[in-house]
1. So, in nm, how far is label Thr191 from label Gln47 when the simple model puts each one 7 Å beyond its Cα toward the Cβ?
2. Using the Cα centre as the reference, give the magnitude of the dipole from point charges on the C-beta atoms of region 142-202 (Lys, Arg: +1; Asp, Glu: -1; all else neutral), rounded to the nearest 20 debye.
3. Counting heavy atoms of the protein chains only and a 1.4 Å probe, report the per residue accessible area for region 116-236 as a whole number of Å².
4. Could you estimate the translational diffusion coefficient of region 122-191 from the Stokes-Einstein equation, with Rh from the Kirkwood formula over C-alpha pairs, at 4 °C and 1.567 mPa s, in whole µm²/s?
5. Once you've got the GNM for the chain with C-alpha springs shorter than 10 Å, pick whichever of Ala176, Ala109, Ala135 has the biggest mean-square fluctuation.
6. Give me the extension gain from Glu151 to Glu201: residue separation times 0.36 nm, minus the current Cα-Cα distance, reported in nm with one decimal.
7. Pop out the Kirkwood hydrodynamic radius of region 153-214 from its pairwise C-alpha distances, inverse of mean 1/r, in Å to one decimal.
8. Determine the calculated [θ] at 222 nm for the chain from helices alone, applying -39500 (n - 2.57) to every DSSP H run no shorter than 4 residues and normalising by the residue count; nearest 500 deg cm²/dmol.
Amino acid sequence: MFKSSIISLVFFIIITPFIQAKNLEKSMILFLSFDKIEGGKVVDHSQYHNDGEIAGKPQKVKGKFGNALKFNGKTDWITVKHDDSLQVDKGVTVMAWINAERHSGPGGAKWSGILAKSNNPRSYSFYTTTGGGGALHFSSGGGSTSAKKVELNKWQHVVAQHTGKGHIYYVNGELAGEFSGKSALPGKADTAELFVGKTHEGSREFLGLIDEVRVWNRVLSEEEVKKQMTASRLKL
């Protein structure tokens, strides 16, 4: 009986990580919850292990789910080294919970970077912007600005997608704009690193809190977006 229990326990310990990895689908290429930070690195919960390196001294604070990072809008950000798994060619969905203190970058720059993969060619650069009265901006095969504003000093769930032909936005689970006529994604042509809390152009550092950064190499449905918005890492 005792031997049987030991064997069952060993099996559970071995198989559990595989069960957890299976629950996070292959198309999720980055998942930074900020709940697990080890030795100056933010752990990526996706199966690709695209961990992020911390620059500056962002503060670990209470987030939308678990912990979040508070960025000072000047010297704080996360760098994720390039990996082929982060390249996108057919579609992409980027999302995060943000609690922004401003729509602009430092010094009044028009854009503030939530996350970005490359500048030229851009795979996916996602910003808040002073344009549209304080909206979202997505630069991926061309640029567009969401039809809905992002409130400041309040948790907001923000999503941008490139469908292969156009952009789709969601704010707090609600459709926030659709725009056609966008160019194809760069795929393997993009070998730059990925940033959270700034973009590659400079002077676009984010001021405020960021939590639950998630990226897929496909377009999520509206139903999937809403599910992801309300689910913590432990519930996926």
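1. The answer from the label model is 2.6 nm.
2. For this selection, approximately 80 debye.
3. 40
4. The calculation lands on 105 µm²/s.
5. Ala109
6. Numbers: separation 50, 0.36 × 50 = 18.00 nm, distance 2.43 nm.
Extra length from Glu151 to Glu201 when fully extended: 15.6 nm.
7. 14.0
8. Values: 2 runs with 31 residues, N = 236.
For the chain, the value works out to -4500 deg cm²/dmol.
The values are calculated or read from the model by the stated rules, or taken from the named source; none is laboratory data. The shown structure was predicted, so the numbers you read here are calculated from the model rather than taken from an experiment. Heads up, the Cβs are rebuilt from the backbone with ideal geometry, glycines too, and the neighbour counts pull from every protein chain shown. What goes into the accessible areas is simple: the full protein's heavy atoms, side chains included, and nothing from ligands, DNA or RNA. Shrake-Rupley method; radii C 1.70, N 1.55, O 1.52, S 1.80 Å.
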